[in-house]
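Student: Okay, handing you the structure first.
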Amino acid sequence: KDNFGEDLVFNARGGGIYYWDTSTKTLGTDRAVALSSLSGANLAPTVGLQVLTSEKDRHLIVLGSDPLNADESARTGSIDPMLIAFSDQENPAEWQPLNTNTAGSLRLSAGSLIVGATKARQEVLIWTDTSLYNMQFIGPPFTFGVNLINENSGLIAPKAMITSPKAVFW
């Protein structure tokens with residue numbers, strides 16, 4: 001789970017992705033809706049392993065997202081365990097990569113499964129079963145840069161890390 005401004009975005013690992021909008025919902029009485037059913041939603045992921053928001057630039061990020069189909073007209077509904085999908089900046093409903101927005105996706109190469117991620121100073125740290133990556137906002141046209149930090153340093157469980165003011169431990 002994570003906040004997108006005052007709103008809440010969450011998913012069960014390997015399940016659907018949900019959005020709770022504080023401007024249209026009442027706490028305790030209204031339920032969150034599927035991300036793909038938001039007003040104006042365009043090619044939003046339907047499943048994922050983890051969801052988070054990038055702090056500096058406010059993109060919604062889905063780790064282990066379902067990819068677009070061959071003609072890029074819909075999501076497949078099946079998790080790609082190494083795919084990172086991200087929305088347009090400041091727009092959690094827009095996921096179609098266009099020249100006019102910053103939505104897109106990246107696929108990691110070292111490992112076979114994204115195990116977990118955490119936000120750190122000016123970056124998102126992403127662990128696969130075998131490696132550690134950092135992801136930073138670099139701006140258009142590529143939006144995010146992903147760097148392999150180390151191999152043979154995977155994560156054993158999705159929440160097996162902690163960020164402190166001086167370091168990240170896992």
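Student: Of everything in the stretch 14-31 that's crowded, with 16+ Cβ neighbours inside 10 Å and not in a strand (DSSP E or B), which residue is modelled with the lowest pLDDT?
Tutor: Applying the filter and picking the extreme gives 25.
Student: Taking the conditions exactly as written (free of Cβ contacts under 8 Å to residues at least 24 places away in the same chain and acidic (Asp, Glu)), does residue 55 satisfy them or not? If you could, list the steps in order and put the result at the bottom.
Tutor: Working: free of Cβ contacts under 8 Å to residues at least 24 places away in the same chain: no; acidic (Asp, Glu): yes.
In short, no.
Student: Quick test for you: out of 98, 106, 148, pick the one residue that is open to solvent by 10 Å² or more (accessible area, probe 1.4 Å), over 18 Å from residue 17 (Cβ atoms) and either part of a strand (DSSP E or B) or in contact with a Cys (Cβ under 6 Å, 6 or more places away or on another chain) (or both). It would help to see each step written out before you state the result.
Tutor: Numbers: 98 fails: either part of a strand (DSSP E or B) or in contact with a Cys (Cβ under 6 Å, 6 or more places away or on another chain) (or both); 106 fails: over 18 Å from residue 17 (Cβ atoms).
After ruling out the rest, the residue left standing is 148.
Student: Looking only at the stretch 125-145, count every residue that is of a type in the set (Val, Ile, Thr) and open to solvent by less than 20 Å² (accessible area, probe 1.4 Å) and tell me the total.
Tutor: Initially, the stretch 125-145 is screened for residues of a type in the set (Val, Ile, Thr), giving 126, 128, 130, 138, 143.
Going one step further and asking which of them are open to solvent by less than 20 Å² (accessible area, probe 1.4 Å), we end up with 126, 128, 143.
Within the stretch 125-145, residues that are of a type in the set (Val, Ile, Thr) and open to solvent by less than 20 Å² (accessible area, probe 1.4 Å) number 3.
Student: May I ask you to say which residue of 44, 34, 85 is of a type in the set (A, V, I, L, M) and over 13 Å from the mean Cα position of the chain (by Cα)? So that I can check it myself, show each step before the final result.
Tutor: On the way: 44 fails: over 13 Å from the mean Cα position of the chain (by Cα); 85 fails: over 13 Å from the mean Cα position of the chain (by Cα).
That would be 34, the only listed residue that is of a type in the set (A, V, I, L, M) and over 13 Å from the mean Cα position of the chain (by Cα).
Student: Right, another one. Just to check your reading of the model, which residue among 149, 126, 138, 156 is of a type in the set (A, V, I, L, M, F, W, C) and touching a residue at least 60 places away in the same chain (Cβ under 8 Å)? Let's see the steps before the verdict.
Tutor: Numbers: 149 fails: touching a residue at least 60 places away in the same chain (Cβ under 8 Å); 138 fails: touching a residue at least 60 places away in the same chain (Cβ under 8 Å); 156 fails: touching a residue at least 60 places away in the same chain (Cβ under 8 Å).
Only one candidate qualifies: 126.
Student: Further question on the same structure: Could you tell me how many of the residues in the stretch 42-75 are part of a loop (DSSP other than H, G, I, E, B), out of contact with any helix residue (DSSP H, G or I) (no Cβ under 8 Å at 6 or more places or on another chain) and under 15 Å from residue 15 (Cβ atoms)? Before the answer, list the steps.
Tutor: So the first thing to find is which residues in the stretch 42-75 are part of a loop (DSSP other than H, G, I, E, B), and the list is 43-46, 48-49, 54-59, 64-67, 69-74.
Retained after the next criterion (residues that are out of contact with any helix residue (DSSP H, G or I) (no Cβ under 8 Å at 6 or more places or on another chain)): 43, 48-49, 54-59, 64-67, 69-74.
Add one more test, that the residue is under 15 Å from residue 15 (Cβ atoms), and what stays is 48-49, 64-66.
Selection size over the stretch 42-75: 5.
Student: Kindly indicate the residue of the stretch 32-65 that is open to solvent by 20 Å² or more (accessible area, probe 1.4 Å) and small (Gly, Ala, Ser) and also nearest to residue 92 (Cα to Cα) among those meeting that condition.
Tutor: 41
Student: Looking only at the stretch 109-124, how many residues end up being under 12 Å from residue 153 (Cα atoms) and surrounded by 19 or more Cβ atoms within 10 Å (Cβ to Cβ)? Don't jump to the end; show me each part of the working.
Tutor: Initially, the stretch 109-124 is screened for residues under 12 Å from residue 153 (Cα atoms), giving 110-111, 115.
Keeping just the survivors that are surrounded by 19 or more Cβ atoms within 10 Å (Cβ to Cβ) gives 111, 115.
Qualifying residue count, the stretch 109-124: 2.
Student: Also, quick follow-up: Regarding residue 81, is this residue open to solvent by less than 70 Å² (accessible area, probe 1.4 Å), closer than 28 Å to residue 6 by Cα and part of a loop (DSSP other than H, G, I, E, B)?
Tutor: On the way: open to solvent by less than 70 Å² (accessible area, probe 1.4 Å): yes; closer than 28 Å to residue 6 by Cα: no; part of a loop (DSSP other than H, G, I, E, B): yes.
No.
The values are calculated or read from the model by the stated rules, or taken from the named source; none is laboratory data. Predicted, not measured: the structure shown is a model, and the values here were computed from it. In this analysis, Cβ positions are derived from the backbone assuming ideal geometry, glycine residues included, and neighbour counts consider all displayed protein chains. With ligands, DNA and RNA removed, areas are computed over all heavy atoms of the protein, side chains included. Shrake-Rupley method; radii C 1.70, N 1.55, O 1.52, S 1.80 Å.
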